[in-house]
Amino acid sequence: TVFQETLLPRLHRLGIPEDRIRVIHQSVDFPERGDRDYRAGLGLSDDTPVILMLGGLRQVKQMDYAIAVLKKIRRRHPTFQLLIAGPLLEPEATADLDEALRVHPWIRYLGEVPRHQVPSLIEQSDLVLNTSSSESESNAILEALSFGRIVIARDIPGNAHLGAGAAGLLFRNRTELERHLLDVLEQPERWPAVGKNAQRQIAAFHRPDREMKAYASLYRKVSRASRRVRR
(Lines give C-alpha, C1' and ligand atoms only; values in the text may rest on other atoms or scores of the structure.)
Protein backbone atom coordinates (compact mmCIF):
# COMPACT_ATOMS: atom_id res chain seq x y z
CA THR A 1 0.00 0.00 0.00
CA VAL A 2 1.15 3.54 -0.75
CA PHE A 3 -0.26 6.92 0.21
CA GLN A 4 -0.18 8.63 -3.18
CA GLU A 5 -0.69 7.92 -6.87
CA THR A 6 2.59 9.71 -7.63
CA LEU A 7 4.50 6.69 -6.30
CA LEU A 8 3.00 4.24 -8.80
CA PRO A 9 5.50 4.81 -11.64
CA ARG A 10 8.41 4.19 -9.28
CA LEU A 11 6.91 0.91 -8.08
CA HIS A 12 6.22 -0.17 -11.64
CA ARG A 13 9.87 0.46 -12.52
CA LEU A 14 10.82 -1.82 -9.62
CA GLY A 15 8.83 -4.59 -11.23
CA ILE A 16 5.90 -4.69 -8.80
CA PRO A 17 2.74 -5.78 -10.68
CA GLU A 18 -0.04 -3.20 -10.78
CA ASP A 19 -2.54 -5.59 -9.22
CA ARG A 20 -0.29 -5.87 -6.12
CA ILE A 21 -0.41 -2.13 -5.38
CA ARG A 22 -3.14 -0.20 -3.61
CA VAL A 23 -3.26 3.56 -3.09
CA ILE A 24 -4.82 4.31 0.30
CA HIS A 25 -4.65 7.89 1.50
CA GLN A 26 -4.01 8.67 5.15
CA SER A 27 -6.88 10.19 7.05
CA VAL A 28 -7.06 13.19 9.35
CA ASP A 29 -8.92 12.59 12.57
CA PHE A 30 -9.16 14.41 15.90
CA PRO A 31 -11.67 12.39 17.96
CA GLU A 32 -10.95 14.54 21.01
CA ARG A 33 -10.22 18.23 21.20
CA GLY A 34 -9.01 20.41 24.03
CA ASP A 35 -8.81 24.11 23.22
CA ARG A 36 -5.90 26.22 24.39
CA ASP A 37 -5.07 29.87 23.75
CA TYR A 38 -1.47 29.62 22.60
CA ARG A 39 -1.28 33.24 21.53
CA ALA A 40 -2.27 34.50 24.97
CA GLY A 41 0.18 32.13 26.63
CA LEU A 42 3.00 33.49 24.47
CA GLY A 43 1.93 37.11 24.80
CA LEU A 44 1.07 37.42 21.09
CA SER A 45 -1.68 39.70 19.85
CA ASP A 46 -4.32 38.55 17.39
CA ASP A 47 -2.66 40.49 14.57
CA THR A 48 0.85 39.07 15.12
CA PRO A 49 1.68 36.87 12.10
CA VAL A 50 2.43 33.33 13.26
CA ILE A 51 4.34 30.78 11.18
CA LEU A 52 4.23 27.21 12.45
CA MET A 53 6.61 24.28 11.92
CA LEU A 54 4.97 21.15 13.30
CA GLY A 55 6.42 17.66 13.71
CA GLY A 56 9.29 15.71 15.23
CA LEU A 57 12.62 17.52 15.05
CA ARG A 58 15.09 15.66 12.86
CA GLN A 59 17.84 16.80 10.51
CA VAL A 60 15.70 15.90 7.48
CA LYS A 61 13.29 18.67 8.47
CA GLN A 62 16.01 21.22 7.60
CA MET A 63 15.00 23.82 10.16
CA ASP A 64 18.14 25.81 9.39
CA TYR A 65 16.99 26.15 5.76
CA ALA A 66 13.72 27.68 6.94
CA ILE A 67 15.39 30.03 9.41
CA ALA A 68 17.84 31.34 6.79
CA VAL A 69 14.96 32.46 4.58
CA LEU A 70 12.85 33.77 7.47
CA LYS A 71 15.76 35.97 8.59
CA LYS A 72 15.52 37.75 5.23
CA ILE A 73 11.72 38.04 5.53
CA ARG A 74 12.06 39.78 8.89
CA ARG A 75 13.72 42.76 7.22
CA ARG A 76 10.29 43.62 5.79
CA HIS A 77 8.07 41.95 8.39
CA PRO A 78 9.81 42.27 11.78
CA THR A 79 6.79 41.28 13.89
CA PHE A 80 6.10 37.68 12.87
CA GLN A 81 6.86 34.77 15.18
CA LEU A 82 8.02 31.28 14.27
CA LEU A 83 6.55 28.57 16.48
CA ILE A 84 8.20 25.15 16.44
CA ALA A 85 6.30 22.23 17.96
CA GLY A 86 7.27 18.58 18.14
CA PRO A 87 9.39 16.07 20.03
CA LEU A 88 13.20 16.21 19.91
CA LEU A 89 14.21 13.11 17.98
CA GLU A 90 17.87 13.63 17.07
CA PRO A 91 20.78 15.19 19.01
CA GLU A 92 21.95 17.19 15.98
CA ALA A 93 18.52 18.73 15.44
CA THR A 94 18.26 19.49 19.15
CA ALA A 95 21.60 21.31 19.07
CA ASP A 96 20.50 23.32 16.03
CA LEU A 97 17.28 24.29 17.79
CA ASP A 98 19.11 25.37 20.95
CA GLU A 99 21.37 27.62 18.88
CA ALA A 100 18.45 29.10 16.96
CA LEU A 101 16.58 29.89 20.20
CA ARG A 102 19.68 31.52 21.64
CA VAL A 103 20.22 33.77 18.63
CA HIS A 104 16.68 34.57 17.47
CA PRO A 105 14.11 35.73 20.05
CA TRP A 106 11.36 35.53 17.42
CA ILE A 107 11.57 31.73 17.46
CA ARG A 108 9.55 29.90 20.13
CA TYR A 109 9.77 26.19 20.89
CA LEU A 110 6.58 24.69 22.33
CA GLY A 111 7.78 21.14 22.90
CA GLU A 112 5.58 18.20 21.98
CA VAL A 113 2.00 19.48 21.83
CA PRO A 114 -0.65 17.05 23.11
CA ARG A 115 -2.64 15.57 20.26
CA HIS A 116 -5.94 17.03 21.40
CA GLN A 117 -4.45 20.55 21.43
CA VAL A 118 -3.02 20.43 17.91
CA PRO A 119 -6.21 21.88 16.33
CA SER A 120 -5.98 24.98 18.54
CA LEU A 121 -2.32 25.50 17.63
CA ILE A 122 -2.98 25.15 13.90
CA GLU A 123 -6.01 27.44 13.94
CA GLN A 124 -4.04 30.15 15.75
CA SER A 125 -1.29 30.06 13.11
CA ASP A 126 -1.38 31.98 9.86
CA LEU A 127 0.58 29.48 7.82
CA VAL A 128 2.34 26.14 8.22
CA LEU A 129 5.84 25.74 6.82
CA ASN A 130 7.49 22.47 5.83
CA THR A 131 11.07 22.51 4.53
CA SER A 132 11.76 18.77 4.81
CA SER A 133 14.11 17.34 2.21
CA SER A 134 12.09 14.11 2.23
CA GLU A 135 8.51 13.25 3.14
CA SER A 136 6.18 10.31 2.72
CA GLU A 137 2.87 12.06 3.31
CA SER A 138 3.19 14.54 6.15
CA ASN A 139 0.54 14.27 8.86
CA ALA A 140 1.28 17.85 9.89
CA ILE A 141 0.58 19.13 6.38
CA LEU A 142 -2.65 17.14 6.08
CA GLU A 143 -3.81 18.40 9.46
CA ALA A 144 -3.03 22.00 8.58
CA LEU A 145 -4.93 21.70 5.31
CA SER A 146 -7.91 20.19 7.10
CA PHE A 147 -8.25 23.41 9.09
CA GLY A 148 -7.87 25.60 6.04
CA ARG A 149 -4.41 26.89 6.91
CA ILE A 150 -2.03 27.98 4.19
CA VAL A 151 0.77 25.46 3.73
CA ILE A 152 4.13 26.26 2.12
CA ALA A 153 6.17 23.11 1.50
CA ARG A 154 9.14 21.88 -0.49
CA ASP A 155 8.34 20.52 -3.94
CA ILE A 156 9.13 16.84 -3.38
CA PRO A 157 7.11 13.73 -4.29
CA GLY A 158 5.61 13.34 -0.81
CA ASN A 159 4.13 16.84 -1.04
CA ALA A 160 2.80 16.52 -4.59
CA HIS A 161 -0.81 16.52 -3.36
CA LEU A 162 -0.42 20.19 -2.44
CA GLY A 163 -0.34 21.15 -6.10
CA ALA A 164 -3.58 19.34 -6.88
CA GLY A 165 -6.45 21.81 -6.77
CA ALA A 166 -4.13 24.57 -5.48
CA ALA A 167 -4.35 23.32 -1.90
CA GLY A 168 -0.97 24.77 -0.97
CA LEU A 169 2.23 26.41 -2.23
CA LEU A 170 5.28 24.43 -3.30
CA PHE A 171 8.82 25.79 -3.51
CA ARG A 172 11.94 24.39 -5.20
CA ASN A 173 14.55 26.80 -3.85
CA ARG A 174 15.06 29.63 -1.37
CA THR A 175 13.99 32.28 -3.85
CA GLU A 176 10.61 30.63 -4.36
CA LEU A 177 10.18 30.07 -0.63
CA GLU A 178 10.88 33.73 0.06
CA ARG A 179 8.40 34.82 -2.60
CA HIS A 180 5.65 32.55 -1.25
CA LEU A 181 6.20 33.79 2.31
CA LEU A 182 6.00 37.41 1.22
CA ASP A 183 2.87 36.73 -0.84
CA VAL A 184 1.10 35.20 2.14
CA LEU A 185 2.20 37.89 4.60
CA GLU A 186 1.54 40.84 2.31
CA GLN A 187 -1.63 39.77 0.49
CA PRO A 188 -3.83 38.09 3.13
CA GLU A 189 -6.98 38.67 1.08
CA ARG A 190 -5.80 36.18 -1.57
CA TRP A 191 -5.67 33.09 0.62
CA PRO A 192 -9.11 32.27 2.08
CA ALA A 193 -10.07 30.56 -1.20
CA VAL A 194 -6.90 28.46 -1.07
CA GLY A 195 -7.79 27.42 2.47
CA LYS A 196 -11.28 26.38 1.39
CA ASN A 197 -9.81 24.32 -1.47
CA ALA A 198 -7.55 22.60 1.02
CA GLN A 199 -10.42 21.73 3.33
CA ARG A 200 -12.45 20.31 0.44
CA GLN A 201 -9.53 18.19 -0.71
CA ILE A 202 -8.97 16.72 2.75
CA ALA A 203 -12.69 16.07 3.20
CA ALA A 204 -12.81 14.24 -0.12
CA PHE A 205 -9.69 12.08 0.06
CA HIS A 206 -8.53 11.88 3.69
CA ARG A 207 -11.59 10.85 5.69
CA PRO A 208 -11.19 8.17 8.40
CA ASP A 209 -14.14 6.15 7.08
CA ARG A 210 -12.66 6.11 3.60
CA GLU A 211 -9.27 4.92 4.87
CA MET A 212 -10.80 2.19 7.05
CA LYS A 213 -13.04 0.90 4.26
CA ALA A 214 -10.11 0.73 1.85
CA TYR A 215 -7.96 -1.30 4.25
CA ALA A 216 -10.87 -3.56 5.20
CA SER A 217 -11.55 -4.26 1.53
CA LEU A 218 -7.88 -5.06 0.93
CA TYR A 219 -7.71 -7.39 3.96
CA ARG A 220 -10.79 -9.27 2.79
CA LYS A 221 -9.33 -9.72 -0.69
CA VAL A 222 -5.98 -10.96 0.67
CA SER A 223 -7.75 -13.31 3.09
CA ARG A 224 -9.86 -14.86 0.31
CA ALA A 225 -6.78 -15.32 -1.87
CA SER A 226 -4.90 -16.95 1.03
CA ARG A 227 -7.72 -19.43 1.63
CA ARG A 228 -7.75 -20.38 -2.04
CA VAL A 229 -4.00 -21.05 -1.97
CA ARG A 230 -4.29 -23.28 1.14
CA ARG A 231 -6.94 -25.39 -0.51
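Numbers below:
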item	result
Leu110-Met212 FRET efficiency (beta carbon distance; Förster radius 30 Å; 0.05 resolution)	0.45
Net charge, Arg76 excluded, C-beta distance under 14 Å - Lys, Arg +1, Asp, Glu -1	+2
Rg/Rg_globular for the chain, with Rg_globular taken as 2.2 N^0.38 Å and Rg from C-alpha atoms	1.12
Principal axis dimensions, largest first and in whole angstrom, of segment 136-209 by Cα	39, 28, 18
Carbon + sulfur, % of accessible area of the chain - ligands and nucleic acids excluded, 1.4 Å	51 percent
Per residue accessible area in Å² of the chain, where ligands, DNA and RNA are left out and the probe is 1.4 Å	54 Å²
Helix-only [θ]222 nm of the chain, DSSP H runs n ≥ 4, -39500 (n - 2.57) each, per residue, nearest 500	-13000 deg cm²/dmol
Computed over segment 77-190, Kirkwood Rh from alpha-carbon pairs, angstrom	15.2 Å
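The values are calculated or read from the model by the stated rules, or taken from the named source; none is laboratory data. In this text, all values refer to a predicted model and were calculated from it rather than measured experimentally. Here Cβ is always computed from backbone atoms with ideal geometry, including for glycine, and neighbour counts include all displayed protein chains. These accessible areas exclude ligands, DNA and RNA; they are computed on the full protein's heavy atoms, side chains included. Shrake-Rupley method; radii C 1.70, N 1.55, O 1.52, S 1.80 Å.
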